[in-house]
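Data block below; observations after.
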Amino acid sequence: MDDALPTELAADLDGAYERLVIAHQDRLFSIALRLLGDPRDAEEVAQDALVRAYRALATYDAVRIRSLALRPWLAAIVVNLSRNRGRRRKLATVRLDVPSALDATPLTARLAAPDTSGSPHAAALRRESAHDWAALLATLPPRLRVPVVLRHVDGLSYAEMATALGRPEGTLKAQVHRGLAQLRAAAESSSLPDLEVMTA
Amino acid sequence: MTARPAIDLTEVEAALAALAVPAPATLAPATLTSVGLADEYATMVTPVGDVYVAWNGLGISTVDRAEDDAAFEQRFRRMIGRPLRRAVALPEALARAIGQRLAGDRRANLPLDLRGRSEFERAVWLKALEIPHGEVRPYGWIAAEIGRPRAVRAVGTALAHNPVPLVVPCHRVVRSDGLLGNYSLGGPGVKRDILASEGLDPGELESLARARIRYLGSDTTRIYCLPSCHQARRITASHRVAFSSARASEAAGYRACRRCRPDSAARAA
């Protein structure tokens with residue numbers, strides 16, 4: 001899809017732009033959400049990124065648009081906007097506290113279990129697990145969080161990440177590895193109280 | 001206490017992959033509206049009753065009256081063709097700016113989306129925006145002011161196609177003989193009502209027109225004006241002098257008012 005899209009955008013920006021939005025909105029929203037933590041902020045930033053992309057494309061000539069790698073280009077826009085917003089608010093921060101601390105299930109038990117069965121209980125567990133992982137992610141410093149999100153939430157290749165972030169691939173691999181290790185350590189040493197295990 | 005199992009890095013990766021989520025359903029439509037590839041609309045209360053207003057990130061695109069939502073949507077699609085979505089209400093800033101404009105505040109910042117219109121049409125509409133609240137100018141005045149004194153009929157056509165009536169006050173443009181003329185947003189009766197709501201007396205304007213009085217002068221200042229000009233309305237009856245043409249005014253030694261520029265109306269063919 002991404003192969004044809006730049007050509008279509010170069011030929012008819014207004015006609016093809018909606019396809020760009022549909023194709024990339026989920027990933028841009030997910031990146032922003034995992035960098036910022038707040039869904040409203042994430043929606044605003046994702047929209048802003050898509051609008052800026054439109055305005056930029058409107059000034060590019062056809063040759064430049066056709067040679068664009070849309071995935072890393074859009075990722076770079078949303079990362080920069082998230083960074084600016086985080087800086088302005090000073091709170092791309094941790095919200096480990098409220099729901100998890102009151103929760104009785106040991107964090108590691110929830111974190112470890114991507115139960116794929118279709119039961120409502122399993123779905124609830126997955127939601128809890130996602131909530132906890134998102135909170136852990138927020139504890140990573142941005143220098144590590146950004147590469148981890150782009151690699152493992154968004155699924156960019158290291159080559160694409162190098163384009164998006166302007167860092168060498170080797171550096172990014174090291175940062176992702178360090179980020180994952182810190183996440184695992186944080187999950188394992190999580191100091192949430194082991195109260196009574198509530199299992200169904 | 002339960003023993004905590006060690007976590008494998010691949011589990012961490014799997015958990016992170018599960019953090020990709022769908023965007024909210026509002027994101028795509030809001031984005032398309034923001035760049036001007038789609039519009040939203042709502043109704044708002046005005047001196048002529050409820051009107052439909054459509055807008056996008058570039059500005060207001062349509063003001064219209066319609067029976068109901070379906071009728072408005074159908075007309076919008078025919079005239080503009082972009083996707084259209086019902087909104088609960090106008091954004092507050094937009095509603096406030098429209099209200100200020102309708103109340104006569106021409107400084108209210110109100111962006112308009114006039115894409116796809118000709119240079120001539122835009123020039124006509126922007127000139128109409130300069131006409132003060134509660135005053136009227138003839139079609140010929142607009143034609144002369146935009147440097148196309150022979151294009152009086154084309155000015156009338158452009159005003160009839162005004163996509164944002166009320167906001168661009170085409171109701172303040174009248175026939176060159178001084179009669180009120182037609183109005184795209186509901187006909188001559190509506191035009192009278194709007195002008196009356198702006199403090200003008202349409203009956204008085206029309207009786208001047210029927211008496212072939214085009215200009216009013218003051219024998220103290222020796223200045224002549226269009227009849228609805230704020231300055232003309234301040235001339236007391238004992239000092240008011242009526243003229244049927246600009247030439248007659250100038251022959252009598254009067255000069256044109258610099259505010260309403262009645263000589264522009266006279267220059268048009």
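Table for the structure above
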read-out: Partnerless Cys - chain B, beta-carbon criterion under 4.7 Å; value: B:Cys170
read-out: Accessible area in the full protein assembly, largest first, 1.4 Å probe, for B:His161, B:His133; value: B:His161, B:His133
read-out: Shielding by other protein chains, A:39-48, mean Cβ within 10 Å; value: 3
read-out: Cα coordinate range in chain B, projected on the principal axes (Å, largest first); value: 106, 36, 32
read-out: Fraction of antiparallel bridges per DSSP, the protein assembly as shown only, in percent to nearest 5; value: 70 percent
read-out: For chain B, built as a Gaussian network whose Cα springs stay under 10 Å, the top-fluctuating residue of B:Gly187, B:Gly99, B:Gly57; value: B:Gly187
read-out: Area buried, chain B against chain A - accessible surface, total, 1.4 angstrom probe, square angstrom; value: 3200 Å²
read-out: Rounded to 5, the percent of DSSP beta bridges in chain B classed as antiparallel; value: 70 percent
read-out: Accessible solvent surface per residue of the stretch B:1-159, calculated while the other protein chains remain in place, 1.4 angstrom probe, Å²; value: 48 Å²
read-out: Within a Gaussian network of chain B (alpha carbon springs, distance under 10 Å), most fluctuating of B:Gly217, B:Gly81, B:Gly140; value: B:Gly81
read-out: Exposure rank, largest accessible area first [A:Arg19, B:Arg247, B:Arg122, B:Arg214; 1.4 Å]; value: B:Arg247, A:Arg19, B:Arg122, B:Arg214
read-out: Rg to Rh, two decimals, where the stretch A:1-91 supplies the alpha carbon set and Rh follows Kirkwood; value: 1.00
read-out: Protection-proxy order for peptides A:34-41, A:146-153, each taking the mean of Cβ atoms within 10 Å per residue, highest first; value: A:146-153, A:34-41
read-out: Computed over the stretch B:212-267: relative contact order in percent, which uses C-alpha pairs under 8 Å that are six or more apart; value: 41 percent
read-out: Cα-based shape type of the stretch B:119-207, given that a ≥ b ≥ c are square roots of the gyration tensor eigenvalues and the cut on a/c is 1.5; value: prolate
read-out: Listed residues A:Trp73, B:Trp55 arranged by accessible area, highest first, probe 1.4 Å; value: A:Trp73, B:Trp55
read-out: Per-residue [θ]222 nm for the protein assembly as shown (sum of -39500 (n - 2.57) over DSSP H runs n ≥ 4, rounded to 500); value: -15000 deg cm²/dmol
read-out: Carbon + sulfur, % of accessible area of the protein assembly as shown - ligands and nucleic acids excluded, 1.4 Å; value: 52 percent
read-out: Local net charge near A:Val153, Cβ-Cβ under 13 Å (Lys/Arg +1, Asp/Glu -1); value: +1
read-out: Residue-averaged beta-carbon neighbours from other chains (10 angstrom radius) around B:24-35; value: 6
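The values are calculated or read from the model by the stated rules, or taken from the named source; none is laboratory data. Because the structure is a prediction, the values reported are computed rather than measured. We place every Cβ from the backbone using ideal geometry, glycine too, and count neighbours over all the protein chains shown. Calculation scope for accessible area: heavy atoms of the full protein, side chains included, ligands and nucleic acids excluded. Shrake-Rupley method; radii C 1.70, N 1.55, O 1.52, S 1.80 Å.
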